[in-house]
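What follows is a single structure, written as structure tokens, with notes after it.
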Amino acid sequence: MLLVRCKTWFSEVVSAEVQPQIQLDDLISIWSFGVEHALDSLPELCASYLARNFMWAMCMDYFVDIPYDLLLSCVKHMDLTVDSEMYLSNALLVWLDANTERMDGLSRNEDVHTGILKEMRVRLLPLWFAAEKRSSCHFSKFADQSIDSIFRLLRIPSSSSIEALADGHLHDLRIRLTKFSKKVNLSSCPQMTSVVLLFSLLPFSNSMEYTLRSIEQSPFNLKHLERESSALLKSLPTLSFEAVQEVDISKCPRLHLETAIECFCKSFPSLRTLKAAFLLNFKISTLRKLVLKCPMVCEVDLTIDTTPIISSQVSVVSSSPDITPQISNLPLNCRDMTSFYSGPSLAKLTLEGRSDLYDSDLQYISRFCVCLQYLNLKGCISLTDVGIASVLHRCIKLHSVLVCDTSFGVNSVLALCSSSSNHIAVQQIENEQLDSLAHNLQTLHMGSCKCVDEASLVKLMSQMQKLKTLCLSDTYLSDGALYSFRSSSLEMLDVSNTGVSKAALAHLISGNPGLKCLKARGCRNLSQQESEAQKRAFASSYSCRELHNEIGRTCVLEEIALGWGFSYSSLEALKPAVTSLRKITVGLGGSLGEDGLRILPTISPMLESIILYFQVICDGTIMSIMENLKNLVVFALYHCLGDISILSFKFSMPNLRTLKLERVTPWMTNNDLVILTQSCTNLVELSLLGCTLLNSESQRIISHGWPGLVSVHLEECGQVTAKGVSSLFRCKALEDLLLRHNGPGIQRSFIFDAASKFPMLRKVSLDLCDASEGDFDIPSYADRYFLSTVKIARCKTEKCGRNVVFLEARRRRVHKETLVLVWNSSTVARTVVKERL
């Protein structure tokens, strides 16, 4: 009777909608009890429960203790629910790594490895993940199979039939979707097409091949899917997954967006979040179609790479077409415009980097997204101040505005500070401020917005009382603006490269005890004494130590970026505030010294990112960091002084993902590079500058040691490209590639070759000095593949002295200009700038 009651209880618990309700270790015990006592229903219930809650289970400490038979039953279960095939694969690898020693010597050991990994659908893995796992002892064979199958799929036209895609079992092309799925993550899968997506939404049976052939012979052929998507989908018995709320199709360049939206509309009726980053073909008209077809959608991310041509940061020599924002003829107040879409609409919209976004587009968006609360326009360089002001006037529910690197100016500030009501008396100034967007703002990022003067900043700062994150880097920020700031709920502050003083910054920090992130790198005034005029104006004077004492008393920081005035004594003063620090950047003007860097791991043991500029370092400091900070993910050294050797990097750093060594390791040889690949096995970003002893063999070492690299920057690294570029093509998932001054062996067609062989490649940076034929061919718009930005630097020869006898020997190359090509949704912009970008 007791056993029956327990089984009844367990059956009810595992079938409950609110899950999980059972701890993983208890689930393992119940499964073991069922196996031991031959209670067939218990193991099946446990496997079903684990399958439905796999995303939760894989994050638990007890995941590695799951018995093999239970895990295998779970992976084979029809209700296995994962956000992406990548999460399943990674979880299985974690389990295998933890259980290898326990299974060694067993006759079924090899079967355990291959048997459970065979359940993965390797053709649906993200390319970067498959490339990275080529160095895995358990997964290398499957990773090679995955990459081969992905590239076979890439060679097939995106509109081809399912039968053409069926290189193997059709079952392996189906995205895992169950009635319990809440998220679908397809990001970084260049092999994903509309046909594969549609196939995953059709009912599956043993006669699926016959069904598909029947569909292909229907009036609506799959080859015409992109043109007849709406009519075809209506004729197909697609499944509905009502629990799905989030879909990520970022970096899926072959996915036909209109067809995908039709699929989402029919199969994901509860869709609320769509992430479609780095897709240049996602236009504003596509966005409106999405909003109309999927009325539940409240968040859309359309981020692309921000153009390097920011007018406030570069000197333009020539441009075609003109990159200057055009004068807008929009009215400043658009509240009288009638919205042609009155249903549920977007609340959070990210358009970061979209240089082809114009005022008319923004006005169009504001008409069908009247409920916007979050708007990210960072890097939208074609917008005008009037255009941004117009959308601020209309979208009165906005609480987060991100406009870094735009023409955001005085008109936009006035729009933020004006009342959001239609009618207001002139004398009601205080009520107007309380009713303004500025008063209700929680996030404002306006870095590099040089069109905002000091007076406008003071007015804006005085009205923001609920702000949580504020970015004012590279603006005309003054002490008066900081003293006028009223909010006490600030969590993130960025005042980098501004003229703020220690006293003003300390005043703001003292009133915001919840500050978690402080960025003040490049603020020269933080190391200088206040003038008598400043002391009289604000009746206060602070030393650097007093500023850092104020931070230490007030805050518990998770991220900090400081430069001028930051020293070893500053670190001592900050101790109470940085015990939970996760990211630290020390820039020019800061000087932690060897002692400060040596104790940094002790003071901040949770550090995940360390970035140092112009610091004095030695082997001892680097060893202390590498040996003690096992969770370090990012480590970057720029132009640091001191003697270090490869001994600093002989510690195992399996969690390190980004390594940047610029002007710090001129002694590095190929043997040293091999040691780096053995110590930092899981890098995805590598940057080396000034490693003059490297040669063409270095390409092979890099590509074999880190096959999963997505970003490679090699500059002034000896003769790495003297014999051309070949071995680097093994890094199949590259997205960002910079090769400059590494030897004149790069072929003329390299840009096109790289774009065709690296399906995820978006950014390429080269130098004409390395061109074997003196120049590089530029791909046409149709032949650019996934490219969005190409930068080609040009040098000139400069004399180093007047001695004619030694004139030839004393010539040197210096930078002259950079050609920048930026592709958008319809065209390419060619710009020549003086700077070396």
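The values are calculated or read from the model by the stated rules, or taken from the named source; none is laboratory data. Computed from a predicted structure; not experimentally measured. Cβ sites come from the backbone with ideal geometry, for glycine too, and all protein chains shown count toward neighbours. Accessible surface areas use protein heavy atoms only, side chains included; no ligands, DNA or RNA. Shrake-Rupley method; radii C 1.70, N 1.55, O 1.52, S 1.80 Å.
Values computed for the structure shown
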read-out	value
For Gln678: the one exception among (1) in a helix (DSSP H, G or I); (2) of a type in the set (S, T, N, Q); (3) more than 19 Å from Cys717 (Cα to Cα); (4) open to solvent by less than 50 Å² (accessible area, probe 1.4 Å)	(4)
Sole residue being on the phi > 0 side of the Ramachandran plot and either among the charged types (D, E, K, R) or at pLDDT below 90 (or both), chosen from Asp385, Asp405	Asp405
Members of the range 127-139 that are within 15 Å of Ala91 (Cβ to Cβ) and either in a helix (DSSP H, G or I) or not polar (S, T, N, Q) (or both)	Phe129, Lys133, His138, Phe139
Any pair with Cβ under 8 angstrom, 6 or more apart, that starts in the range 55-71 at a residue that is more than 16 Å from Glu44 (Cβ to Cβ) and ends at one that is open to solvent by 10 Å² or more (accessible area, probe 1.4 Å) and charged (D, E, K, R)	Met55/Asp83; Tyr62/Asp25; Asp65/Asp25
Residue within the range 580-590 that is in contact with a strand residue (DSSP E or B) (Cβ under 6 Å, 6 or more places away or on another chain), basic (Lys, Arg) and outside any helix (DSSP H, G or I) present	yes
Number of positions in the range 630-652 that are not in a loop (DSSP other than H, G, I, E, B) and not aliphatic (A, V, I, L, M)	4
Flag for Arg802 being open to solvent by 50 Å² or more (accessible area, probe 1.4 Å) and either assigned to a strand (DSSP E or B) or modelled with pLDDT under 95 (or both)	yes
Every residue from the range 742-766 that is touching a strand residue (DSSP E or B) at 6+ places or on another chain (Cβ under 6 Å) and not hydrophobic (A, V, I, L, M, F, W, C)	Asn742, Lys763, Ser765
Filtered residue count, the range 696-743, keeping only those that are open to solvent by 40 Å² or more (accessible area, probe 1.4 Å), in a loop (DSSP other than H, G, I, E, B) and charged (D, E, K, R)	3
Where a residue in the range 745-773 is closer than 12 Å to Leu734 by Cβ and its partner, wherever it lies, is of a type in the set (Val, Ile, Thr), with Cβ under 6 Å and at least six apart	Lys763/Thr789; Val764/Ile751; Val764/Val790
Test result for Leu437, closer than 17 Å to Leu402 by Cβ, modelled with pLDDT of 90 or more, in contact with a helix residue (DSSP H, G or I) (Cβ under 6 Å, 6 or more places away or on another chain) and of a type outside the set (Val, Ile, Thr)	yes
Exclusive hit being at pLDDT 95 or above, touching a Lys or Arg at 6+ places or on another chain (Cβ under 9 Å), open to solvent by less than 10 Å² (accessible area, probe 1.4 Å) and not acidic (Asp, Glu), set Leu637, Leu689, Leu656, Leu581	Leu637
Residue match in the range 309-325 (condition: at pLDDT 85 or above, open to solvent by less than 10 Å² (accessible area, probe 1.4 Å) and over 25 Å from Ala415 (Cα atoms))	yes
Tally, over the range 70-87, of residues that are among the hydrophobic types (A, V, I, L, M, F, W, C) and either under 10 Å from Leu177 (Cα atoms) or open to solvent by 10 Å² or more (accessible area, probe 1.4 Å) (or both)	5
Residues of the range 488-503 that turn out to be out of contact with any Lys or Arg (no Cβ under 9 Å at 6 or more places or on another chain), closer than 20 Å to Arg545 by Cβ and either of a type outside the set (A, V, I, L, M) or outside any loop (DSSP other than H, G, I, E, B) (or both), as a count	2
Number of positions in the range 552-570 that are open to solvent by 10 Å² or more (accessible area, probe 1.4 Å), under 18 Å from Arg598 (Cα atoms) and either of a type in the set (Phe, Trp, Tyr) or in a helix (DSSP H, G or I) (or both)	2
Out of Leu493, Leu482, Leu437, sole residue that is aliphatic (A, V, I, L, M), surrounded by 21 or more Cβ atoms within 10 Å (Cβ to Cβ) and more than 23 Å from Leu377 (Cβ to Cβ)	Leu482
Candidate set from the range 527-551 (those that are at pLDDT 70 or above and out of contact with any strand residue (DSSP E or B) (no Cβ under 8 Å at 6 or more places or on another chain)); member that is surrounded by the most Cβ atoms within 10 Å (Cβ to Cβ)	His548
Selection from the range 751-771 of residues that are in a helix (DSSP H, G or I), open to solvent by 10 Å² or more (accessible area, probe 1.4 Å) and either among the hydrophobic types (A, V, I, L, M, F, W, C) or in contact with a Ser or Thr (Cβ under 8 Å, 6 or more places away or on another chain) (or both)	Phe752, Leu768, Cys769
Qualifying residue in the range 31-43 (condition: over 37 Å from the mean Cα position of the chain (by Cα), open to solvent by 70 Å² or more (accessible area, probe 1.4 Å), of a type in the set (Asp, Glu) and closer than 18 Å to Phe180 by Cα)	no
Inter-residue pairs, beta-carbon under 8 Å, first closer than 16 Å to Leu647 by Cα and in the range 598-622, second basic (Lys, Arg), 6+ apart	Gly620/Arg598; Thr621/Arg598
Tally, over the range 365-399, of residues that are farther than 17 Å from Val452 by Cβ, in a loop (DSSP other than H, G, I, E, B) and touching a His at 6+ places or on another chain (Cβ under 8 Å)	1
Filter result (closer than 28 Å to Gln191 by Cβ, β-branched (Val, Ile, Thr) and more than 27 Å from the chain's Cα centre (by Cα)) within the range 691-736	Val725
Close pairs from the range 727-743: first under 12 Å from Ala754 (Cβ atoms), partner aromatic (Phe, Trp, Tyr), Cβ under 7 Å, at least 6 apart	Lys732/Phe758; Leu734/Phe758
Residues within the range 456-474 that are under 15 Å from Val500 (Cα atoms), open to solvent by 40 Å² or more (accessible area, probe 1.4 Å) and not in a loop (DSSP other than H, G, I, E, B), tallied	1
Given (1) surrounded by 16 or more Cβ atoms within 10 Å (Cβ to Cβ); (2) of a type in the set (A, V, I, L, M, F, W, C); (3) modelled with pLDDT under 90, index of the condition Phe340 fails	(1)
